[in-house]
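Bear in mind that the values in this text are calculations on the coordinates, not laboratory data. All values derive from a computational prediction rather than experimental measurement. Cβ coordinates were reconstructed from backbone atoms using ideal geometry, including for glycine residues, and neighbour counts include every protein chain displayed.
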Amino acid sequence: MSNFISDLPKVELHLHIEGTLEPELVFALAKRNGITLNYLDESALQAAYQFDDLQSFLNVYYSGMQVLLTEQDFFDLTWAYLVRSHADKVRHVEIFFDPQAHLERGVPMAAVVEGIVRALEQARQQWGLTSRLIMSFLRHLSEDSAFETLGLAEPFRHHLSGVGLDSAEKGNPPTKFARVYAAALEQGYRLVAHAGEEGPASYIRDALDILGVERIDHGVAAITDPPLMARLAQERIPLTVCPLSNLKLKVINHMSELPIPQFLAAGVCVTINSDDPAYFGGYMNANYQALQEGLNLSDENILELALNSVEACWLSPEEKAHLAADIRDHGHAYGVVLPS
């Protein structure tokens, strides 16, 4: 891995904390909580991480969550991710969690949120690693279920920066959640949504126009819609693209097919993220490296992607300016300079 990538300060904007559940931790938590798994050992579980599409991944993903029961479990899960992120020079993270997947198993909202937040606060104190927490609605469930979850989150509102929309995209268009997004906006949440991963480009437009989101998670289908591309560029609407995820879930067949160069050339605020790294083969450095190798990206491209992530994040303007300066200084150290 090149030193330029490994030492580059980074921001991660598309990370599902449940998707960082490594096989070693699955077995450790299962033992602690007295849960019998369907796999003999960690290698057998790892072997199950071969997916045909998004749904085949989700089946394994939701099954793995059964070991997450207590606040300490969610702390351990989040802390393990933060340790890896810190090693990858990640300076700011915006993390998704899926409360419905835990509530339906009888796990209280307090255990989930407080465990995650405790780890995030420890990372801030120990390393200065800043964060935001985003509550995602599961799109394969009903809007009524999303409304119920929004209500249950009210006591923890001070910990939550935004709401998102994930899970199976096919057959679950953004329009399904129009009213709950309007309610979340009234409560002061910032809005994002997964769109244009397996779904069509029209889902991206609906997420913008019907849900009112400010950031699109994935969004690779935008490349098929030139007017939408022009809008994304003009309005600087960020896309949080996840290269290894797209490859593992067969959104693309080869990394060379990912339209990152086209997005950059068009002026789209595209960013790089790891999505569910325990399942897809790599955290932030691995995603940047796979992207550079698969697309022959220049160091200038890599630096621009890192700066886009700062632009797209929810830090204050002062914090953004400081982090962007650090990224540019890193570029200068390697002789890589972009226009201001």
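Out of residues 5 or more away from Asp217 or on other chains, whose amide H comes under 5 Å of its own, with H placed 1.01 Å from N in the peptide plane?
Ala193, His194, Ala195, Thr240
When only C-alpha pairs under 8 Å and at least 6 residues apart count, what is the relative contact order of the chain, in percent?
Value for the chain: 19 percent.
Under 30 Å between C-alpha atoms is the cut-off here; go through the chain and count lysine pairs that meet it, provided they're at least eight residues apart or on different chains.
12
With unit charges on the beta carbons (Lys and Arg positive, Asp and Glu negative) and the dipole taken about the Cα centre of segment 1-106, which residue among Thr20, Leu40, Leu103 sits farthest to the positive side?
Farthest towards the positive end: Thr20.
Skipping prolines and chain starts, which residues have an amide H placed within reach, meaning under 5 Å, of the one on Phe51, given they are 5 or more residues away or on another chain?
none
In whole Hz, with x marking every Gly and Pro, tabulate ³J(HN,Hα) for segment 188-194 from phi via Karplus 6.51 cos²θ - 1.76 cosθ + 1.60, θ = phi - 60°.
Using θ = phi - 60°, the values come out as x, 6, 7, 10, 9, 7, 5 Hz.
Output ³J(HN,Hα) for segment 144-155: one whole-Hz value per residue in order, computed from phi by the Karplus curve 6.51 cos²θ - 1.76 cosθ + 1.60 with θ = phi - 60°, and x for Gly and Pro.
4, 5, 5, 4, 4, 5, 4, x, 5, 7, 4, x
Amide H neighbours of Cys269 under 5 Å, counting only residues 5+ apart in sequence or on other chains, H built in-plane at 1.01 Å?
It is Ile237, Leu239, by chain and number.
Counting helices only, and only those DSSP H runs with n ≥ 4, report the 222 nm mean residue ellipticity of the chain as the sum of -39,500 (n - 2.57) divided by its residues, in deg cm²/dmol to the nearest 500.
-15000 deg cm²/dmol
Which ³J(HN,Hα) values in Hz, rounded to whole numbers, follow from the phi angles of segment 61-69 under the Karplus curve 6.51 cos²θ - 1.76 cosθ + 1.60, where θ = phi - 60° and Gly and Pro get x?
After applying 6.51 cos²θ - 1.76 cosθ + 1.60, I find 4, 6, 5, x, 5, 4, 7, 8, 10 Hz.
Of the listed peptides 87-95, 101-109, what is their order by residue-averaged count of other C-beta atoms within 10 Å, with the highest listed first?
Order by mean packing, descending: 87-95, 101-109.
Quantify how much of the Cα-Cα distance distribution of segment 267-340 extends past 18 Å, in percent.
45 percent
Please list 157-165, 229-237 highest first by mean number of surrounding beta-carbon atoms within 10 Å per residue.
Packing proxy ranking, top to bottom: 157-165, 229-237.
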